[in-house]
Amino acid sequence: MKLLILDTPDEVTSWSAKYVVKRINEFKPGPGRYFVLGLPTGGTPLGMYRKLIELHKKGKVSFQYVATFNMDEYVDLPRDHCQSYHYFMFENFFKYIDINPKNVHILDGNAADLKLECSNYEEKIKEMGGIHLFIGGIGADGHIAFNEPGSSLVSRTRVKTLTDDTLEANARFFDNDITKVPREALTVGVGTVMDARESRGLNSHYKSTTVKFVGA
């Protein structure tokens with residue numbers, strides 16, 4: 001693993017956005033040849049998405065032949081709820097770029113069969129040939145998606161019951177009312193992320209901010 005330390009969160013988001021653009025353009029996606037991108041939500045990724053939108057508007061990158069897979073979603077939270085990750089991604093990124101909505105993949109926390117939804121998600125990733133680049137936000141305690149520290153390195157997409165610490169941390173997004181925070185979520189596994197050809201973890205919780213390089 002390589003570690004890149006930058007001075008400010010803005011440097012992290014700018015570097016990350018430029019790196020995503022570099023990888024997409026080097027791949028030269030086109031009809032029948034999609035670049036597959038794994039994406040997170042959160043404060044640090046939000047800055048990256050804003051930078052990507054800027055670069056897209058400047059003609060530096062097209063997402064026409066990019067397919068995306070998001071890392072997680074709450075269970076039993078309506079898609080149009082302001083804290084759902086469907087809402088986050090479309091309101092903060094997808095609606096501003098030229099991606100085809102059919103190429104956007106986000107776990108459905110309202111599916112009738114959640115286990116089937118998770119297994120189908122893994123299969124869809126395989127059908128797309130795997131993920132070329134997975135961008136993940138790393139929490140203050142080291143969690144990625146809803147995989148808490150100590151999660152199995154071979155874990156796959158699954159239903160997770162959120163820990164008390166996670167519920168308390170996320171209450172700030174739900175009027176500081178912990179009773180409003182969903183108790184469960186769907187999340188890709190650590191193994192799902194590690195299967196990507198390349199992954200990058202973003203962390204901006206400390207004075208020195210970092211981009212962690214994982215994978216080839």
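Since every read-out is calculated from the coordinates, none of them should be taken as a lab result. The model shown is predicted, which means the values in this text are computed figures rather than measured ones. Positions of Cβ are backbone-derived with ideal geometry, glycine not excepted, and every protein chain shown enters the neighbour counts.
Quick one: the Cα spread of the chain along its three principal axes, in angstroms, biggest first?
So the extents along the principal axes, rounded to whole Å, are 44, 41, 32.
Sort 8-18, 111-121 by packing, meaning the average of other beta carbons within 10 Å per residue, with the highest value first. Walk me through the numbers on the way to the answer.
Values: 8-18: 18.5, 111-121: 15.0.
Per-residue Cβ counts within 10 Å, averaged per peptide and sorted highest first, yield 8-18, 111-121.
Compute the signed sum of charges (Lys and Arg +1, Asp and Glu -1) over the other residues within less than 13 Å, Cβ to Cβ, of Arg183.
Net of charged neighbours comes to -2.
Given labels modelled 7 Å from the Cα in the Cβ direction, how far is it in nm from Leu4 to His81?
Once both label points are built, they end up 3.5 nm from each other.
State, to one decimal in nm, how far the label point of Ser62 lies from the label point of Asp98, with both points 7 Å from Cα in the Cβ direction.
Label-label distance for Ser62 and Asp98, simple model: 0.4 nm.
Per residue, how big is the convex hull of segment 77-198 when only Cα atoms are used? Give it in Å³.
125 Å³
In nm, what is the difference between 0.36 nm times the number of residues separating Glu168 and Ser152 and their Cα-Cα distance? Walk me through the numbers before you get to the answer.
Details: separation 16, 0.36 × 16 = 5.76 nm, distance 2.32 nm.
Difference between extended and current length: 3.4 nm.
At 222 nm, what helix-only mean residue ellipticity would the chain give, in deg cm²/dmol to the nearest 500, using -39500 (n - 2.57) for each DSSP H run of four or more?
Rounded to the nearest 500, the figure is -9500 deg cm²/dmol.
What percent does the relative contact order of the chain come to when contacts are Cα pairs within less than 8 Å and at least six residues apart?
Relative contact order here is 28 percent.
I'm a student and want to see the number: the projected area of the Cα convex hull of segment 1-90, averaged over all directions, in nm².
Working: hull surface 29.9 nm².
Hull-based average projected area comes out at 7.5 nm².
Going Cα to Cα from Lys95, which lysines come in below 24 Å? Please leave out same-chain ones fewer than 8 positions away.
Lys18, Lys22, Lys28, Lys51, Lys57, Lys58, Lys60, Lys124
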